[in-house]
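As structure tokens, the structure follows; a few thoughts come after it.
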Amino acid sequence: MRMIDIVEAIHESNSIALITHINPDGDAVGSLIALMLALDKMGKSVYGYCQDDVPKSLCFLDGADRISKPTDPVERYDLAVALDCSDRERMGDCASIMDMAIRSANIDHHRSNTYYADINIVHEDASATGEMIYELVQQLEDTGDKNIAEALYTAIVTDTGGFSFSNTTARTHRVIANLIEWGAEVTELSTRLFRNHSPEWIRLLGEAINTLKIYHEGRVSTLYVTREMLQKVGASEEHINGIIQYGKDISGVELAVFFREVDPSTTKVSFRSGSLIDVSALAQKFGGGGHKRASGCTINLPLFKAHKYTMEVIDNYFRETVK
């Protein structure tokens, strides 16, 4: 579908719910806030929802305090828009809000998107959902302002790894240039997002680095974090963000794998790659998905069994695919 379809749906709606995915990241939070602020300016009754709390590192964004958890009973909105959610399950408890809405929309950039809404705007070539929301804001005849710009800058800069990932395009930089013109303070945002680590995060990074293992002649690295490690350093789930990059940044590593113990029988696995491996295809072997260079999945096994199982699949993948 075309962006104009969601534009028309917004104009025809009075009450609008915006939903983003569980364990929200910068793209999720920034995209939701930017669209919420733009809809405010149109006079819409707009509400933001997420199953989980906004990470403390993103609470500085104007509007972050308006993102709520779903309530019971669920209110019926004219339009519910899912942002950065590749499938219905990514909304978690908020899926019921979309189910109750008169119309639903899905705005996303993941190639694994399942097109689950009435209106599906999926652009796999977009660097971030935030890049798509920038286009939407423009089509809503809003030139943006400082708060919208900073929310969108946060969305895009975090999902591109500070413009270092392969999803960064010339268009991405043109969008960023316009956001700076709207008032985004790049130095302040960069400090808040990338140079503002807590002592808990640093201590957790140290614990994770001690788990580092290298495979396939230096081309694969693995790291993990257990619940015990989180408790030991006084860290929470949000402190895990960014740790996988330290496995990927090792010279010669083409595939980095990060394991997080959710509970004694469940492990979340994240994949990051350089230029050779399509990790979305790898993640799909475990029922997951994502992007070519950044994907993930959930494995219903204890962490160390999940590690063993994942490495067996990766070993086969290297034998069959990677030369």
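No lab work stands behind these numbers, since they all come straight from the coordinates. Fair warning: this is a prediction, and the values are worked out from it, not measured in the lab. A quick note on method: Cβ atoms are made from the backbone with ideal geometry, for glycine too, and the neighbour counts reach across all protein chains shown.
The angle separating the long axis of helix 199-209 from the principal Cα axis of greatest extent in the chain is about 40 degrees.
May I ask you to sort Leu35, Leu140 by Cβ crowding, counting other Cβ atoms within 10 Å and putting the fewest first? Please report the intermediate quantities before stating the final value.
Working: Leu35 29, Leu140 17.
Listing Leu35, Leu140 from fewest to most nearby Cβ atoms yields Leu140, Leu35.
Helix 170-182 sits at what angle to the longest principal axis of the chain, using alpha carbons and giving 0 to 90 degrees rounded to 10? The helix 170-182 is inclined about 50 degrees to the chain. Each of Met132, Thr158, Gly30 was scored by the projection of its Cα onto the charge dipole of segment 1-160, and the greatest displacement toward the positive side belongs to Gly30; charges sit on the C-beta of Lys, Arg, Asp and Glu.
The long axis of helix 26-41 is offset from the longest Cα principal axis of the chain by roughly 0 degrees. Using a cut-off of 23 Å between Cα atoms, the listed pairs Lys248/Lys308; Lys232/Lys292; Lys56/Lys248 include Lys232/Lys292; Lys56/Lys248 as exceeding that distance. Under a Gaussian network description of the chain, with springs only between Cα atoms under 10 Å, the residue in Gly296, Gly274, Gly43 that fluctuates furthest is Gly43. For the options Phe259, Phe163, Phe271, a Gaussian network treatment of the chain with springs between C-alpha atoms closer than 10 Å singles out Phe163 as fluctuating the most.
Quick one: order Met3, Met42 by neighbouring beta-carbon count within 10 Å, fewest to most.
Numbers: Met3 17, Met42 13.
Ascending number of Cβ neighbours within 10 Å: Met42, Met3.
Here segment 1-33 and segment 214-278 have alpha carbon centers that stand 30 Å from each other. Only helices enter the 222 nm calculation for the chain: every DSSP H run of n ≥ 4 contributes -39,500 (n - 2.57), and dividing by all residues gives -11500 deg cm²/dmol, rounded to 500.
Among Ile67, Ile214, Ile121, the largest mean-square fluctuation in a Gaussian network model of the chain, built with springs joining Cα atoms closer than 10 Å, belongs to Ile214. Among the trypsin sites (Lys or Arg not before Pro) found in segment 111-201, those both in a DSSP coil and sparsely packed, with 12 or fewer other Cβ atoms within 10 Å of their Cβ, are Arg195. Normalised by the number of residues in the chain, the mean separation of alpha-carbon contacts (under 8 Å, six or more apart) gives a relative contact order of 12 percent. When each of Asp53, Asp65 is scored by the number of other beta-carbon atoms lying within 10 Å, the sequence from fewest to most is Asp65, Asp53.
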